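*Asks:* One structure, pasted below without further comment.
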Amino acid sequence: METELVKGNKQEEIKKNTSKVYFFIIAIAALIVTNVYFYVKFKSSGEKVYALTVEKENLEVEIDRIEAELDKMKIENIQLSPPLIEKEQNARKKIIDLRTKLAQKQLSQSDIDHAQSTITSLKSEVAYFSLDVNRLIQENKILAEKNSLLQKEVSASSTKISNLESSNTNLASKVNVAAAIKVSNIAVYGLQEKRNDKVEVEERAKRVDKLSINFNIADNTLAKVGKKDIFVRIIDPQGNLIINQDDNTFYAHSEKLQYTFKSTIDFTNHGEEYSLYWKDDKKFTKGAYTVLLYADNAIMGRSTVVLK
């Protein structure tokens, strides 16, 4: 009886121990399954984070390239038209927006996909913008070449005009010189005044009252007929110019000269003979008196009379 009771207790104890073993086995199995689940889950999550990070870095590289392309065109120092300026500003605004979004700590695959789409569109816009800028550069080069050619033509024309003006000036100067009247012959005499308004040629200085200057003007088809101012310069025997007034000046051969007296004649270009008279305030002296005639800014002729 006691033996059977002991056996029953042992069997019941064995059953309890077996139940405990099964419980621990099930608990360990559940723990293993849970660990495997979380391992797989975290591993998948880590791979996704890594993949998103790589895509983000790739997108940032693309953005850098796009911005570098814009900066390159800016270095060209091209004066952009208002539409092109607006395109560049829009592109740079999109770049700023993309950098702001990509700088966020938590990015989803949807955010990455949207950024990729925006970058693709931005690439196209910048490509068209680059074409427009390059077209503008080529147009500017063509205009610069045309402008350079035009400047050369203008410079050549200016030089030609300057040469023509110089030639015309020289020609006009030559014409003026050729048109100046000249004497064909000239003679100077000393005159003594007599009674009844008569005069006689006199060589003795103490009896000479005035000088008579007689000359003919050679025919000149280039000379203008009409009134002509004749400027007379008289040099005394001591070699001094006789001047009555200091302000008696005129120009001859572009040089300012003083004259002794001036007279006006009526030039007809028919070879007339003219006579001019000059009386000195002082007594005439012995020696040679030289008379020079000027008209049309040039010398007409000269002659000398010797008084004894």
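*Asks:* Hey, any hits in segment 186-204 for a residue that's within 23 Å of residue 271 (Cβ to Cβ), open to solvent by 80 Å² or more (accessible area, probe 1.4 Å) and modelled with pLDDT of 80 or more?
*Replies:* Our first condition is that a residue be within 23 Å of residue 271 (Cβ to Cβ); within segment 186-204, this holds for 186-189.
Then keep just the ones that are open to solvent by 80 Å² or more (accessible area, probe 1.4 Å); that gives 189.
Now restrict to residues that are modelled with pLDDT of 80 or more: 189.
Yes: one or more hits.
*Asks:* Mind listing just one residue for me: the one in segment 282-299 that is under 60 Å from the mean Cα position of the chain (by Cα) and assigned to a loop (DSSP other than H, G, I, E, B) and, of those, surrounded by the fewest Cβ atoms within 10 Å (Cβ to Cβ)?
*Replies:* The qualifying residue surrounded by the fewest Cβ atoms within 10 Å (Cβ to Cβ) is 297.
*Asks:* Could you tell me which numbered condition residue 243 fails, if it satisfies all but one of (1) loosely packed, with under 14 Cβ neighbours inside 10 Å; (2) under 58 Å from the mean Cα position of the chain (by Cα)?
*Replies:* (1) is the only condition that residue 243 fails.
Yes/no matrix, rows are residues, columns are (1) surrounded by 14 or more Cβ atoms within 10 Å (Cβ to Cβ); (2) not in a strand (DSSP E or B):
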residue: 256; (1), (2): no, no
residue: 269; (1), (2): yes, yes
residue: 280; (1), (2): yes, yes
residue: 301; (1), (2): yes, no
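*Asks:* Quick one: how many residues across segment 107-150 are outside any helix (DSSP H, G or I) and of a type in the set (Gly, Ala, Ser)?
*Replies:* The number of residues fulfilling the criteria is 1.
*Asks:* Would you call residue 230 surrounded by 13 or more Cβ atoms within 10 Å (Cβ to Cβ) and not in a strand (DSSP E or B)?
*Replies:* no
The values are calculated or read from the model by the stated rules, or taken from the named source; none is laboratory data. Remember, predicted model here, so these are calculated numbers, not experimental data. Cβ coordinates were reconstructed from backbone atoms using ideal geometry, including for glycine residues, and neighbour counts include every protein chain displayed. With ligands, DNA and RNA removed, areas are computed over all heavy atoms of the protein, side chains included. Shrake-Rupley method; radii C 1.70, N 1.55, O 1.52, S 1.80 Å.
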